[in-house]
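Report on the following structure.
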2 protein chains.
Amino acid sequence: MKKRISESTIHRLSLYYRALSLLEKENVVTVSSKELAKREKLTPAQVRKDLSFFGSFGTRGLGYQVAELRSRMSHILGINRDWRVALIGIGNIGSALVSYKEFARQGFHIVKLFDNDQRKIGSNHKGIVVSDIKDLEKELKEDNIEIVIVAVPATVAQYIVDDVVAAGVKAILNFAPINLRVPPEVCLRNENMSMELEYLSFAVVNNHTPKKVI
Amino acid sequence: MKKRISESTIHRLSLYYRALSLLEKENVVTVSSKELAKREKLTPAQVRKDLSFFGSFGTRGLGYQVAELRSRMSHILGINRDWRVALIGIGNIGSALVSYKEFARQGFHIVKLFDNDQRKIGSNHKGIVVSDIKDLEKELKEDNIEIVIVAVPATVAQYIVDDVVAAGVKAILNFAPINLRVPPEVCLRNENMSMELEYLSFAVVNNHTPKKVI
């Protein structure tokens, strides 16, 4: 795919996928762009435009086949398969993420854990033995890890990410509150819950309410 | 403040605040826009532009006073004070958030918990007794809650958020994977870790690597 798909479009595909999964559970066979739009509070034109990026799906007047569209969405999003994920940093947020069952339900399996704390290395978290961070590059390669979650302090995050990149990993989800540098071929996403709360406190204090667009 | 500050600017203010906090710990007294930019991998012009939104801070040739700038950033972000936060939904992600110490460290204190599960209502999580969701609007008002974290299933999120809005809360952090509707005076932020992972799998499958801009 050479077209540049926007961040917002990709997030909307995730929303469509979830809406279609719910519809399938409710045994709904077809859905119109209007109905799909209503569920996600978007316009039908937006839905049709988003889906048209990825080929022609619906039939005029009949709408989309729910099961078929859901299956094609899962292929497009790459969640029709399982992913091997490593988590680096078994601190407060890292521990919570290991316990978060939603990831595995969607095919994202945390299969490796790393930390630099001697008291944590070798210990067992949810069936996974924590590896030493000094073996990071070697073990990421050996275990064919494709996605890495970084949950280390901001002060060391760049060094860790450099090693992750050196191991050939192309996809990183970063929880450290710092801007990280990665080469253009690596996809880096940032998650920062504290910064989201600061956004809210800023909004309340300054009476400023821009909405985050999905 | 009537100027429209962009989402990216607000996130960068959070990054500056963190960088300044680290500098203060390192007993650094002054910092140049160049040094601050280098730490966050931005340009000095960007740093000066961002800070100029909020008044004149630095002295030409001398840079910024670290302690003063940090203090003013904390006022701008509204984190020079404590916030009373309620968390709705004590499931997988909700439980993890109650245990996440970072929030309280930054002044965001989770002081109320709500759930609709009879087995959870009345139980104690980290010293907070879980309230019945049916008392949501009343208790949010009585307890002067200013920020609400929503960690309920997507299917019920809109109903919950409607009640939160009815209680007069102006700031919501939503973890449910659904587009929610709120009135213009309410600031809604969305956090979806599974959707971020889907963004990464999409990027790997489609060899597509747009970076999320902070």
Fewest-first ranking of A:PHE103, B:PHE54, using other Cβ atoms within 10 Å as the exposure measure: B:PHE54, A:PHE103
Add -39500 (n - 2.57) for each DSSP H run of 4 or more in chain A, then divide by its residues: what number comes out at 222 nm, to the nearest 500 deg cm²/dmol? -13000 deg cm²/dmol
Provide the per-residue ³J(HN,Hα) series for the stretch A:100-105, in order, calculated from phi with Karplus coefficients 6.51, -1.76, 1.60 and θ = phi - 60°, each as a whole number of Hz, with x at glycine and proline positions. 7, 6, 4, 4, 5, 4
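Give me the percent of DSSP beta bridges within the stretch B:83-196 that run antiparallel, rounded to the nearest 5. Please list the in-between numbers first.
Details: 2 of 23 bridges.
Here the share of antiparallel DSSP bridges comes out near 10 percent.
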How much of the DSSP beta bridge set in the protein assembly as shown is antiparallel, as a percent to the nearest 5? 20
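Just to be sure I understand: of the beta bridges DSSP finds with both ends in chain B, what percent are antiparallel, rounded to 5?
Taking every DSSP beta bridge with both residues in chain B, the antiparallel ones total about 20 percent.
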When only Cα pairs under 8 Å and 6 or more residues apart are kept, what is the percent relative contact order across chain A? 14
Can you list residues whose amide H is under 5 Å from B:LEU113's amide H, if they're 5+ apart or on another chain and H is modeled 1.01 Å from N? B:LEU87, B:SER131
Residues whose placed amide H lies under 5 Å from that of B:HIS125, excluding near-sequence neighbours: B:VAL130
Distance between the C-alpha centers of the stretch B:1-47 and the stretch B:137-214? Whole Å please. 26
Under Karplus coefficients 6.51, -1.76 and 1.60, residue-wise ³J(HN,Hα) of the stretch A:118-135 in Hz, glycine/proline x: 4, 6, 9, 4, x, 7, 10, 10, 6, x, 10, 7, 6, 8, 7, 4, 5, 9
Amide hydrogen neighbours beyond the local backbone of A:THR30, cut-off 5 Å, H modeled: A:VAL66
Among B:ARG48, A:ARG12, A:ARG181, which comes first, then next, by fewest other beta-carbon atoms within 10 Å? A:ARG181, B:ARG48, A:ARG12
Indicate the helices, whole DSSP H runs only, in chain B that combine a mean Kyte-Doolittle hydropathy of 0.0 or more with a Cα extent along their long axis of 18 angstrom or more. B:154-166, B:193-206
What is the fewest-to-most order of A:ILE128, A:ILE93 by other Cβ atoms lying within 10 Å of their Cβ? A:ILE128, A:ILE93
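Under a Cβ-Cβ cut-off of 9 Å, what is the net charge of the residues other than B:LEU23 that fall near it, where Lys and Arg count +1 and Asp and Glu count -1?
0
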Can you give the average number of partner chain beta-carbon atoms within 10 Å of each beta-carbon in peptide A:27-39, as a whole number? 0
Below 8 Å, C-alpha to C-alpha, sequence gap of six or more: please give me the relative contact order for the stretch A:1-93 in percent. 31
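No lab work stands behind these numbers, since they all come straight from the coordinates. Since the structure is predicted, the reported quantities are computational estimates derived from the model, not experimental observations. Ideal geometry is used to build each Cβ from the backbone, glycine not excepted, and the neighbour counts take in all protein chains shown.
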